[in-house]
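*Asks:* Have a look at this one before I ask anything.
The values are calculated or read from the model by the stated rules, or taken from the named source; none is laboratory data. Since this is a predicted model, take the numbers as computed values, not measurements. In this analysis, Cβ positions are derived from the backbone assuming ideal geometry, glycine residues included, and neighbour counts consider all displayed protein chains. With ligands, DNA and RNA removed, areas are computed over all heavy atoms of the protein, side chains included. Shrake-Rupley method; radii C 1.70, N 1.55, O 1.52, S 1.80 Å.
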Amino acid sequence: MLNKLISSQRYTVFVLCGLIALAALVGTVLYTPWFLLPAVISTALFLVGVHDVRQRRHSILRNYPVVGHLRFLLEGFRPEIRQYIIESDHEEVPFSREARALVYQRAKGEEDKRPFGTIENVYGSGYAWLTHSATPVTIADTDFRVRIGGPACRQPYNSSLYNISAMSFGSLSANAILALNTGARKGGFAHDTGEGSISRYHRQGGGDLVFQVASGYFGCRSNDGSFSPEKFAELAADPQIKMIEVKLSQGAKPGHGGMLPASKISPEIAEARGIPMGIDCVSPPAHSTFSTPTGLMEFLGQLRELSGGKPVGFKLCIGHRREFMSMVKAMLKTGIVPDFIVVDGAEGGTGAAPVEFANRVGMPMLEGLTFVHNTLRGAGIRDQVKIGAAGKIISAFDIARAIALGADWCNAARGFMFAVGCIQAQACHTNKCPVGIATQDPVRQRGVDVADKSERVARFHKNSMKALGELAGAAGLSHPSNFMPYHFMFRQKDNEFLDGNEVYPYLPDGFLSAQTEIPELAEWYSRWERANADSFAPPLIPQAAFERRQIKSMPSKQHEVAK
């Protein structure tokens, strides 16, 4: 057996540990106590190797005793090694070093300029740029606002163009929530509560809140988990709550529910969510209050009344496009039109999601935003509904591009997490966040100094709005809301680029209900006809690609694409 161990190189370290341990023990007995330290260390390593050889769980340790532990050690440090040593400034995993550095610099109030020119491949496919004006404008006031609230809204809200997206207390620590909300109050922008409802730390911060109502109805649920109108009305009366958002899906895991194990439910989380201690907290994939597009609109109408007329809307990541068209048809049928819709993209973040959902489910934000914007235009109600956009929106360019493609404002989660101090360790699901943001460990979350980090949150927002104003001025505009697709160019191939109007066009107002139809939009009409205000179910199950429908009549003139 010993000969086999010696002849196999993969056991060399294991055997050496045993030999050194034996020699050190002999030296300790015969010569000097100074041999005791190496004896203890080598004996411990040898015993680890004995355990490795005997255990059956890890093949690597069984075949490479002692030294095999280096593999697990390096694997544990892999994200940090990649992030700080290997990756380039422009490599996205999921946010590039350049993007993170931009947030850190603006949050700290440090120099955010770059020397020596761009590191972008400006001739590569996917590159986009803003077209500037020969007569740029200087914008002094960069506190950009959008008024959210349709005809039925009695308490409209003047929102910033850049707000904190949904992140729940429970996913984030108490100090992180407090820092974010305090920063929102200082900077005059909104903070979405996420589905975990309103905690004492949201209230302590005093910032404007968007109360999210998800399928678990946390904060407004009955004992059986169903929606409680009475609890909702009591909560929504809080003047700190400015808007109500019904979450249908989120970009990182659309169509997927969740469960918070009983072991992770603290008294503070139970208090915020209105759930009992000692029982797993289940957030189902779908709402129990409605199951049809018409039911969704009626629920929104109910929430508007119960909240005293505050802006009410919903958030979703686009999946079946016909289903969103069904929602729009339900708006037309019931006359209940949401005040806003937040479009999340598949690139959105989360504390934890199955890899298949995070990577392969849901429509990316730019395509989803364009589709929602044009569907509302086609139905003739775009002017009644404001659109928010979320999904990796970090820089002023990201905000400007989203506004050009149809958004009225933008939300960001991970961007503001970077402002609080997130280092993208990607340990959010382990409760071992190294900076104390995504953890409930009271010792770890001490790393978030609320006074300092709240200032960084407010400063990041302020400097981002200043940069947005500079971009708008460079394009010759007086306000970012004037951005249009044609202000941007998109490179499709290495030697070809297109105007934004060609890539993400604004379709004509009312085209879905017009008497004449546009041949190029045949697929839109076909999908619109299949949409049903009374059901999300498809009218038929396709076995092949849908045939193009016949256009009723040709338009008399070219369709208009103005905003």
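*Asks:* Rounded to a whole number, what % of the accessible area of the chain do carbon and sulfur atoms account for, probe 1.4 Å? Each step should come with its number before you reach the end.
*Replies:* Numbers: 15080 of 27230 Å².
For the chain, the apolar C and S fraction of the accessible surface comes to 55 percent.
*Asks:* How much length is gained if the chain between E470 and T516 is pulled fully straight, taking 0.36 nm per residue apart and subtracting their Cα-Cα distance, in nm to one decimal?
*Replies:* Working: separation 46, 0.36 × 46 = 16.56 nm, distance 4.22 nm.
Result: 12.3 nm gained on full extension.
*Asks:* Suppose R0 equals 30 Å; then what is the FRET efficiency for R145 and D499 from their Cβ-Cβ distance, rounded to the nearest 0.05? Before the final figure, lay out each step's value.
*Replies:* Working: r = 29 Å, r/R0 = 0.97.
After rounding to 0.05, the efficiency reads 0.55.
*Asks:* All other residues with a Cβ under 13 Å from the Cβ of D280 taken together, and with Lys, Arg as +1 and Asp, Glu as -1, what is their net charge? Walk me through the intermediate numbers first.
*Replies:* Values: positive: K264, R273; negative: none.
Net charge around D280: +2.
*Asks:* Moving to a separate point now. Can you give the relative contact order of the range 345-404 as a percent, counting alpha carbon pairs under 8 Å and 6+ residues apart?
*Replies:* Working: 38 pairs, mean separation 24.7, N = 60.
Rounded, it is 41 percent for the range 345-404.
*Asks:* Do you know the relative contact order of the range 389-489, to the nearest whole percent, from alpha carbon pairs under 8 angstrom that are 6+ apart?
*Replies:* Values: 119 pairs, mean separation 31.0, N = 101.
For the range 389-489, the relative contact order is 31 percent.
*Asks:* Can you tally the net charge around K231? Count Lys and Arg as +1, Asp and Glu as -1, for every other residue whose Cβ sits under 14 Å from the Cβ of K231. Write out the running numbers ahead of the final one.
*Replies:* On the way: positive: R221, R273; negative: D224, E230, E234, D238, E271.
Overall, the nearby charge balance is -3.
*Asks:* Now a separate question. With the contact rule set at Cα under 8 Å and sequence spacing of 6 or more, what percent relative contact order holds for the chain? Before the final figure, lay out each step's value.
*Replies:* Numbers: 1097 pairs, mean separation 96.1, N = 563.
For the chain, the relative contact order is 17 percent.
*Asks:* Follow-up. How would you classify the chain from its alpha-carbon gyration tensor, with a ≥ b ≥ c the square roots of the eigenvalues: rounded for a/c under 1.5, else prolate if a/b is greater than b/c, otherwise oblate?
*Replies:* Values: a/c = 1.90, a/b = 1.74, b/c = 1.09.
Cα axes put the chain in the prolate bin.
*Asks:* Taking H placed 1.01 Å from N in the peptide plane, check which residues at least 5 places from G510 or on another chain put their amide H under 5 Å from its amide H.
*Replies:* G378, A379, G380
*Asks:* Students often get this wrong, so check it: of K231/K462; K315/K453; K264/K462; K108/K310; K333/K392, which have C-alpha atoms separated by over 30 Å? Provide the component values of the computation, followed by the final result.
*Replies:* Values: K231/K462 36 Å; K315/K453 28 Å; K264/K462 36 Å; K108/K310 35 Å; K333/K392 35 Å.
Among K231/K462; K315/K453; K264/K462; K108/K310; K333/K392, the Cα-Cα distance tops 30 Å for K231/K462; K264/K462; K108/K310; K333/K392.
*Asks:* Taking only Cα atoms, what is the 0 to 90° angle, nearest 10, from helix 36-54's long axis to the longest principal axis of the chain?
*Replies:* For helix 36-54, the angle is close to 60 degrees.
*Asks:* Same structure, new question: Compute the signed sum of charges (Lys and Arg +1, Asp and Glu -1) over the other residues within less than 10 Å, Cβ to Cβ, of G68. Can you show the working numbers first?
*Replies:* Working: positive: R10, R62, R71; negative: D52.
Result for the neighbourhood of G68: +2.
*Asks:* Helix 365-379 against the longest principal axis of the chain: what's the angle in degrees, Cα atoms only, rounded to the nearest 10?
*Replies:* Tilt of helix 365-379: around 20 degrees.
*Asks:* What is the spin-label model distance, in nm, from N121 to L19 if the labels are put 7 Å beyond Cα along the C-beta direction?
*Replies:* Each label point lies 7 Å from its Cα, and together they span 5.1 nm.
*Asks:* Here is a follow-up. Excluding residues on the same chain fewer than 8 positions from K432, give the aspartates and glutamates whose Cα lies under 18 Å from its Cα.
*Replies:* Partners found: E75, E80, D441, D449.
*Asks:* So which chymotrypsin sites (Phe, Trp or Tyr not before Pro) in the range 18-77 are both in a DSSP loop and have at most 16 other Cβ atoms within 10 Å of their Cβ? Could the numbers behind the result be given before it?
*Replies:* Working: sites: Y31, W34, F35, F46, F72, F77; in loops: Y31.
Passing sites in the range 18-77 are Y31.
*Asks:* Something else now. Rounded to the nearest 0.05, what FRET efficiency is calculated for A262 and A537 with R0 set to 41 Å and r the Cβ-Cβ distance? Before the final figure, lay out each step's value.
*Replies:* Numbers: r = 36 Å, r/R0 = 0.87.
The calculated FRET efficiency here is 0.70.
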